[in-house]
Each structure stands twice: as structure tokens, then as C-alpha cells.
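Remarks on the structure that follows.
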Amino acid sequence: MKISVDEDRCCGAGTCVLLAPDVFDQREDDGIVVLLDASPAAGLHATVREAANVCPAAAITVAETA
Amino acid sequence: MTSTVETNPAEVPDFPMTRAAGCPFDPPPAARAKQEEAALTRVRLWDGSTPWLVTRYAEQRALLSDPRVSADIDTPGYPSPSPLPKGGGGSRISFILMDDPEHNRLRRMVTAPFSMRRVGAMRPAIQKIVDDLIDGLLAGPRPVDLVDAFALPVPSLVICELLGVPYGDHDFFQDNSKVIIRRDATIEERMAGHQALTGYLDRLVADKEAHPADDLLSGLAARVTAGELTRAEAAQMGVLLLIAGHETTANMIALGTLALLEHPDQLALLRESDDPALVASATEELLRYLNITHNGRRRVAVEDIEIAGEVVRAGEGLILANDIANRDTSVFPDPDRLDITRDAHRHVAFGFGVHQCLGQQLARLELQIVYSTLYRRIPTLALAGDLADIPFKHDGSVYGVYELPVTW
């Protein structure tokens, strides 16, 4: 799995951090998404897919790699 | 611009719709019937216009994140909720009624204090506010109105602390914000309320420019000084955050408590568990089930959009009924049942898209602290009187109860 985030689209709602705090964080000065781990362990994949799904601004893209 | 419908005008129902007598927690049956009929149907507003009512979950999320949909109240065809002049007094109420890039620029000036980490750091302060208010309840007379004595003070104290608004002024801003969100208030009443609040925030921002502190309004005041924001814009943002910060959460506390009292098995489950995960899921479920922003999110199409077998034309209004979407059986099985153990986190009570509630993490934390503290510290909490006598806010833009007499 390869994750990418679009800072320009992010609206700082924080739903990704709520679901997957090991993978996503928010920037201190404006609350915009920070990607902590672009290739998380398999055990986190379902949660990351869900974080992308509920991201209100569709700022998280998940590419499924082999 | 007014949308037109080819079908018999008599068949287009009025919106907002009415809840069924005796079912205060359920959305209007007529709106649920519309959801079964189609994903999008027409409704008639106070001004005779007939925007689309979007009732199903998938279509609602798709439209709320579609760049061909505008949230700008000045876009022709925007479904106006009332005869109130746009924005309440000649100017738009901050960024919630704007599109990007203007919306994004203004919203980002206030996102930092609402991040997960900054909100999480407020936990001890919020817990103390809640505990102190419960101490006050326990020391005071019974019965007591829970709205006045607890549900309203909790979020008011929290948002005042965050913004840097003196809590001593709470009677003033609560009275004015009540008028602004009441649907049956006259135009004059609402405009007067809005102007009073804007003037108050304008003076407060000016004061913070001269005497900055560690709070959100001081941050905005610094941007005014730096020329990034006008003082009027800063005041508008302050009004928005002050209203949004206390009315919504207050209603979730009081209405949520009433819903739990009416579902004693669920209340017992919550009271007797010390699992933070259950408190979190109960909070999401109450947000889904009660969905207090019951008049739908308002939008307008700026291009033709093909969706669910219909074509929404440019200039046609959209009302995204999130309370109905939260009862969509394809996402939430047995949706009319309050079940605090269900996984309800996909609910759209905070909206969806780039306008999704800025304060949602703060609201979550306040509600989790309240729901895990109040019923445990007052285990015999009970309604003082009959459910039938409780006055519900059918006329407000935020649903809830005007009063909740309780005893223990």
C-alpha cells in the first residue's frame, strides 16, 4: 500500500487522525494533514482505507501495491 | 432564480417537513418516504422555489464533495432557508457560505486550534468544567432544568475559553444567538441579534489587537494587524464560532440525555462501562441518531450534474438532508434503533465535503466527557415530568429541547 495526501485539498477536519493516528497527523500551525507513514504495515491497511473513505475533502489517495 | 417542476405543483411537498407526534427523535416520516421513492426528489420552500431534496447517503456524499456544487449563498438558485437577507445583515456569515479559494483561505486561519492534538490538550480543562457544573447540580435544588444548569454552560465555557471571550458576557451572546437560529424570529429580530453580536466581537477583536492573549481571537487580531484579514472578517468568524460552538453541543447534551433516559437499556450499558471505546461509539451513535442540524445542508449546482438517473441543472438548488441519510438502511442496518454498540462513525451529522464541521473534534471530546461523567456521577438521573410536556425546537435550525427538567 502506498498513501499520498493532497495538502491543498485538506480541510483540517482531523477524521484521518481520529481513525489512524499512527499514519496521519496534523500540522501544528494550520491543522493540515501530515503523512507519518506512506507505506504502513498490513495490519493498518483496512483502517487507512476507511480514513481515505471518510476524508470529507477526498485528500487521501491509497494505491494498492503488491 | 427559482427552480421549476413539470409535475403537478400540489405533489411537491413543503420543506421543512414535520416530525410525527410522539416520535421526537425520528426525522419526519414524509422525508423518509421520499428516501424510499428516490435518491433525489423535489420539495417546495417558503418562497415557492422547488430545489432537490437529496435523501440517500451515497448521493449526498457524492454531491457534497462535487466541485460543480457551490455553497456560496450569493450563487443564483441557492435554496434560501428564510426571508432573512443573505448572511443576516448585508454580509455573508463567514466562510461556511463561501466557495474555495476564499473559503479555504479563511477556514485555514482557524483550523489549528481545532486539530486533534490541540483539542486533546483541552481534556483536563473540559473535564473540570463538567465536574464543577455537576457539583453545582448536586448542591442545588431539584428538579432543575438541565439545559440551563448544565447543557448550555458546558460548551459555552469551553468555547469562551478557546476564543478568549469573557464568560461573564454569556447572557448577552446566548440571548442574541438564540434569536438568530430561531426559525420563527422576524427579520428585524434576527438582524438586530446579528448586529449586536458582530459589534460585540468587533470590539473584542480590537481589544485583542491592543492586548493579545493566548486564544483564538488574539490569533485573528494578529492577522488583522498584519493586514491578512479585516477586523470585520475577524468579527464575523468570531460570531460564527461562538454560535456554532455552543448551540450545537448544548443540544447534543440535552437531547442526547433525553434519548438515553428514554432508552434505559442503552443508558445502563453506557453508565456501567469504563471502556473509552464504548463511550466513543455511543457518542458517534447519538450524533447519527439525533442529527440535530435537521434542515439539511444547502447547496446549488453551478453546472449540470447527472446523478441517480436525474440531471440536476446549473442554477438548481440542493438540500442535502443529513438526518435522513443517517437513517439510510444501506449504510446503517436497522437505522431507527439507538444502539450505542454499533459502528456509526460514517455518519454525516457533521456534514461532508470541505465544509465539514471545523469543530467536530472539540464537539466529540465535550460529548464523550459529558456522556461518560454525568450519568455515572448522577446514576439516578430521571426526567421530572412527562416526555409529552417537553418543548422541542421544531422551529430552530438546530434541533433539541428548550428545557429538560430532571431530578435524581
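Just to verify a number: FRET efficiency for A:Glu28 and A:Ala58, C-beta to C-beta distance, R0 = 35 Å, to 0.05?
Working: r = 24 Å, r/R0 = 0.68.
Calculated transfer efficiency: 0.90.
Assuming charge only on the beta carbon of Lys and Arg (+1) and of Asp and Glu (-1), the dipole of the protein assembly as shown about its Cα centre is about 140 debye to the nearest 20.
In the range A:11-39, comparing the full protein assembly with the chain on its own, the residues that lose 40 Å² or more of accessible surface at a 1.4 Å probe are A:Cys11, A:Ala13, A:Leu18, A:Gln26, A:Glu28, A:Asp30.
Can you give me the Kirkwood hydrodynamic radius for chain A, using every pair of distinct Cα atoms, in Å to one decimal?
Working: mean 1/r = 0.0867 Å⁻¹.
Here the Kirkwood hydrodynamic radius works out to 11.5 Å.
Evaluating kT/(6 pi eta Rh) at 37 °C and 0.692 mPa s, with the Kirkwood radius of the range B:266-408 over Cα pairs in the Stokes-Einstein relation, gives 189 µm² s⁻¹.
Basic side chains Lys and Arg get +1 at the Cβ, acidic Asp and Glu get -1 at the Cβ, and with that the dipole of the range B:233-329 about its Cα centre reaches some 280 debye.
Listed by chain and number, the aspartates and glutamates whose C-alpha is less than 19 Å from the C-alpha of A:Lys2, apart from same-chain residues fewer than 8 away, are A:Asp22, A:Asp25, A:Asp37, A:Glu50, A:Glu64.
When N counts the residues of the range B:99-253, how does its alpha-carbon radius of gyration compare numerically with 2.2 N^0.38 Å, as a ratio?
On the way: Rg = 16.5 Å, N = 155, 2.2 N^0.38 = 15.0 Å.
Against the empirical 2.2 N^0.38 Å value, I get 1.10 for the range B:99-253.
Projecting label points 7 angstrom from Cα along Cα→Cβ for B:Asp14 and B:Ala192 puts them 2.7 nm apart. Size of chain B: Rg and Dmax of its alpha carbons, in Å, are 21.0, 63.
Around B:Glu161, with a cut-off of 14 angstrom between Cβ atoms, what is the net charge of the other residues, counting Lys and Arg +1 and Asp and Glu -1? If you can, show how the numbers build up before the last one.
On the way: positive: B:Arg118, B:Arg123, B:Lys128; negative: B:Asp132, B:Asp169, B:Asp214, B:Asp215, B:Glu366.
Here the charged neighbours net out to -2.
In chain A, taking the dipole from charged Cβ atoms about the Cα centre, the farthest positive-side position among A:Leu44, A:Val33, A:Pro56 is held by A:Leu44.
Modelled spin labels at B:Phe172 and A:Leu35, positioned 7 Å past Cα toward Cβ, are 4.9 nm from each other.
Using R₀ = 60 Å, calculate the FRET efficiency as 1/(1 + (r/R₀)^6) where r is the Cβ-Cβ separation of B:Asp304 and B:Asp131; round to 0.05.
Details: r = 55 Å, r/R0 = 0.92.
It comes out at approximately 0.65.
Within the protein assembly as shown, all pairs of alpha-carbon atoms sorted by distance into 10 Å bins from zero give the percentages 4, 19, 31, 29, 14, 2, 0. With r as the distance between the Cβ atoms of B:Val311 and B:Leu138 and R0 = 41 Å, compute the FRET efficiency 1/(1 + (r/R0)^6) and round to 0.05. For R0 = 41 Å, the calculated efficiency reads 0.10. Model label points for B:Arg203 and A:Glu7, set 7 angstrom from Cα along the Cα-to-Cβ axis, are 4.1 nm apart. The loop-placed GluC sites (Glu not before Pro) in chain A, going by DSSP, that have at most 12 neighbouring Cβ atoms within 10 Å of their Cβ come out as A:Glu7, A:Glu28, A:Glu64. Candidates B:Val331, B:Leu267, B:Val311 compared by Cα position along the dipole of the range B:236-334: farthest toward the positive end lies B:Val311, with charges placed on Cβ. Estimated from helical segments only, the mean residue ellipticity of chain B at 222 nm is -13500 deg cm²/dmol, where each DSSP H run of four or more residues counts as -39500 (n - 2.57).
Among B:Ser218, B:Thr341, B:Pro113, pick out the residue whose Cα is farthest towards the positive end of the charge dipole of the protein assembly as shown, where Lys and Arg carry +1 and Asp and Glu carry -1 on C-beta, about the Cα centre. Looking along the dipole axis, the top candidate is B:Ser218.
What's the longest bit of chain B with no exposed trypsin sites (Lys or Arg not before Pro), using DSSP loop states and at most 14 other Cβ atoms within 10 Å as the test? Present the calculation step by step, with values, prior to reporting the outcome.
Working: sites that count: B:Arg68, B:Arg313, B:Arg337.
Free of exposed loop sites, the longest segment is B:69-312.
The values are calculated or read from the model by the stated rules, or taken from the named source; none is laboratory data. Keep in mind it's a predicted model, so treat the numbers as computed, not measured. For neighbour counting, all protein chains shown are included, and Cβ atoms are generated from backbone atoms with ideal geometry for every residue, glycine included. With ligands, DNA and RNA removed, areas are computed over all heavy atoms of the protein, side chains included. Shrake-Rupley method; radii C 1.70, N 1.55, O 1.52, S 1.80 Å.
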